[in-house]
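**Student:** The structure that follows is given in the form of structure tokens.
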Amino acid sequence: MVDQASTLEPYAIQFSSTGKASRHELPPEAQTVLFEVLDILAANPDAFPGRTRAISRDGNIRLYLHPSPALQVTFELDSARKVLYLLHFVAPKIQVIKPVFISYSHKDALWLEKLKQFLQPLEDKELIRIWDDTEIRPGSDWLNEIRIALESARVAVFLVTQNFLNSTFIREKELPELLEAAQNRGCVIFWIAVSSTTFEDSLLAKFQGANSPDKPLDLLSEGEQNRVLAEIYKKMKLAVMTD
């Protein structure tokens, strides 16, 4: 038995008893997202082709997966009556954390710290796990630790300066491996123009920069630097949430 909770055009929204009970068990952040999603699904049940899949033979019972906060919505579509029956909701506690590898020249360590300040909220939300070579423990096999981090990276960030491009280790090890990972296993590339460089003659030339190489960070005022880094944060958040 279902009881009508609300009506949204062109589809009416109705909750099953299980759907009604499971909705109240959702954490507050998932409930907020839920109502936004329901507004969109009510207007167009096919609005999220990449996040929704049929789980019944006739295709009427569907599962919607929201990336962050993690949320699963099971609903049944009655096209003849223009009704969405909401069957069940769950907010999975397990969320995939994307490893982020930051490649930089040690001469540009101040830019590393500035970038990490802007990415910290994504770590706090457990969307990403930042790795750079400051994570290497004293006395450990540093080359092996870098190799492991390179192999597990889902996102690669390059802080591009002439120091970066002139680094033999970066040019021959980190850069080729991460760009190959982008091609073969979908690693997302963010390269940030920190200063004016000769990037056109590097392996990065065929990749779109996260900011304009014509307006690198070190030519901007501090306020403009913060604005650009905040935009890069938004781009990365979108990338890790839709991956």
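**Student:** Sequence gap at least 6, Cα distance under 8 Å: using those rules, report the relative contact order of region 98-242 to the nearest whole percent.
**Tutor:** 26
**Student:** Mind checking the angle between helix 175-185 and the chain's longest principal axis? C-alpha axes, 0 to 90 degrees, to the nearest 10.
**Tutor:** Here the helix axis deviates by roughly 20 degrees.
**Student:** With n ≥ 4 as the cut-off for DSSP H runs, can you work out [θ] at 222 nm for the chain, using -39500 (n - 2.57) per run divided by the number of residues, rounded to the nearest 500?
**Tutor:** The helix contribution divided over the chain gives -11500 deg cm²/dmol.
**Student:** Right, here's the next one. Counting each pair of different Cα atoms once, what's the Kirkwood radius of the chain in Å, rounded to one decimal?
**Tutor:** For the chain, the Kirkwood estimate is 20.6 Å.
**Student:** Which values, in whole Å and largest first, are the semi-axes of the equivalent ellipsoid of region 98-242 obtained as the square root of 5 times each eigenvalue of the Cα gyration tensor?
**Tutor:** 21, 18, 16
**Student:** To the nearest 0.05, what FRET efficiency results for ARG129 and LYS206 with a Förster distance of 30 Å applied to their C-beta separation?
**Tutor:** 0.60
**Student:** Oh, and also: Rounded to the nearest 0.05, what FRET efficiency is calculated for PHE35 and GLU145 with R0 set to 45 Å and r the Cβ-Cβ distance?
**Tutor:** Values: r = 44 Å, r/R0 = 0.99.
After rounding to 0.05, the efficiency reads 0.50.
**Student:** Then there's this: Label point 7 Å out from ASN226 along Cα-to-Cβ: which residues of region 100-143 have amide N under 11 Å?
**Tutor:** Counting only backbone N, you get no residues.
**Student:** Mean-square fluctuation check for the chain, GNM, Cα pairs under 10 Å: which of ALA156, ALA109, ALA193 is largest?
**Tutor:** ALA109
**Student:** With a Förster radius of 41 Å, plug the Cβ-Cβ distance of LYS215 and ALA54 into 1/(1 + (r/R0)^6) and report the FRET value to the nearest 0.05. Intermediate values should be presented prior to the final figure.
**Tutor:** Values: r = 47 Å, r/R0 = 1.14.
Using R0 = 41 Å, I get an efficiency of 0.30.
**Student:** Between helix 142-152 and the chain, what is the angle of the helix's C-alpha long axis to the longest principal axis, kept within 0 to 90° and rounded to the nearest 10?
**Tutor:** Approximately 30 degrees, to the nearest 10.
**Student:** Hand me the tally of lysine pairs in the chain: alpha carbons under 14 angstrom apart, and the pair either on different chains or 8 or more positions apart.
**Tutor:** For the chain, qualifying lysine pairs total 7.
Every number in this text was worked out from the coordinates using simple rules, so none of it is lab data. Computed from a predicted structure; not experimentally measured. Counting neighbours? That spans all protein chains shown, and the Cβs are built from the backbone with ideal geometry, glycine included.
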